[in-house]
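Working notes for the structure below.
Just so it is clear, none of the values below were taken in a lab; they were calculated from the coordinates. Keep in mind that this is a model prediction, so the values were computed, not measured. Cβ: placed from backbone, ideal geometry, glycine included. Neighbour counts: every protein chain shown.
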Amino acid sequence: MLFRWVFLFISLPISVVTLLSLHRSTLVFLLLPVMICSSSGQSRERKIEVNDISITINGPMSKQEILNQMTTLETPFSVWIFLNENIYQKIGAPREYFDPYLFKQDISHLKSYLRDNGYFRSEIDTALNFSPDNHSVEIGITVRMNERSMIDTVRVLGLESVPPEIVNNVMLKSSLKRGDPYIKKVIVEWQTAILKALMNEGYPKVFLDTL
């Protein structure tokens with residue numbers, strides 16, 4: 001799939017951002033310790049150890065790259081647990097426990113990560129297999145990356161009043177071209193480079209408006 005991308009309406013007026021203040025914070029701070037204590041008590045009673053995380057990927061990403069996007073981890077080998085629990089806490093590694101809220105956040109973040117790398121049609125399925133005594137869980141994650149979006153068009157708009165020689169210097173900063181994969185980080189870096197180039201050419205109030 002070709003990804004049609006039209007960039008950069010560039011204008012000279014400066015934009016203003018306002019911030020909203022929060023109220024009634026006293027009530028929140030009074031209730032928070034009680035809520036934390038209650039939650040901690042429940043987590044001590046119902047800790048579920050993560051025995052295994054199985055990841056199946058239909059695409060070029062590695063299992064480790066997927067795991068790097070997650071806070072949910074599997075319990076390490078028993079020797080590392082023994083060292084951590086019986087010798088010294090800074091040696092070895094602790095057991096890892098399942099938190100359904102954090103796991104949900106992991107999957108949401110993973111979906112965003114795939115979109116940011118051009119996999120807008122990716123799909124993720126998950127499966128949780130709890131032990132009969134509910135003391136452990138095995139996690140299965142299937143990632144179907146599908147077709148990656150590529151950049152079809154790159155245009156810079158809003159430079160009509162800028163001298164041609166400055167425009168040429170600015171465009172030399174462009175690292176994007178037709179056929180490149182859509183990677184959000186690369187696009188943001190390209191936008192920043194163009195902004196800096198215009199500022200260095202005497203347009204300090206320039207800002208971006210993307211489509």
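Enumerate by residue number the chymotrypsin sites (Phe, Trp or Tyr not before Pro) in region 107-211 meeting two conditions: DSSP loop (anything except H, G, I, E, B), and at most 16 other Cβ atoms within 10 Å of the site's Cβ.
Numbers: sites: Tyr113, Tyr119, Phe120, Phe130, Tyr182, Trp190, Phe207; in loops: Tyr119, Phe120, Tyr182.
Listed in order of number, the matching sites are Phe120.
Between Val186 and Lys111, what is 0.36 nm times their sequence separation minus the Cα-Cα distance? Round to one decimal in nm.
Values: separation 75, 0.36 × 75 = 27.00 nm, distance 1.83 nm.
Working it through step by step, the gained length comes to 25.2 nm.
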Of the listed pairs Lys63/Lys196; Lys63/Lys185; Lys63/Lys111, which have alpha-carbon separations greater than 26 Å here? Lys63/Lys196
Calculate, for Glu147 and Ile81, the FRET efficiency according to 1/(1 + (r/R0)^6) with r their C-beta to C-beta distance and R0 35 Å; round to the nearest 0.05. 0.25
Loop-only check: which trypsin sites (Lys or Arg not before Pro) in region 158-211 are DSSP coil with at most 12 other Cβ within 10 angstrom? Lys177, Arg178, Lys205
Those GluC sites (Glu not before Pro) from region 85-178 that are DSSP loop and have at most 13 other Cβ neighbours within 10 Å turn out to be Glu147, Glu160
For region 144-185, just say rounded, prolate or oblate: build the C-alpha gyration tensor, square-root its eigenvalues into a ≥ b ≥ c, call rounded for a/c under 1.5, and beyond that prolate if a/b exceeds b/c, oblate if not. prolate
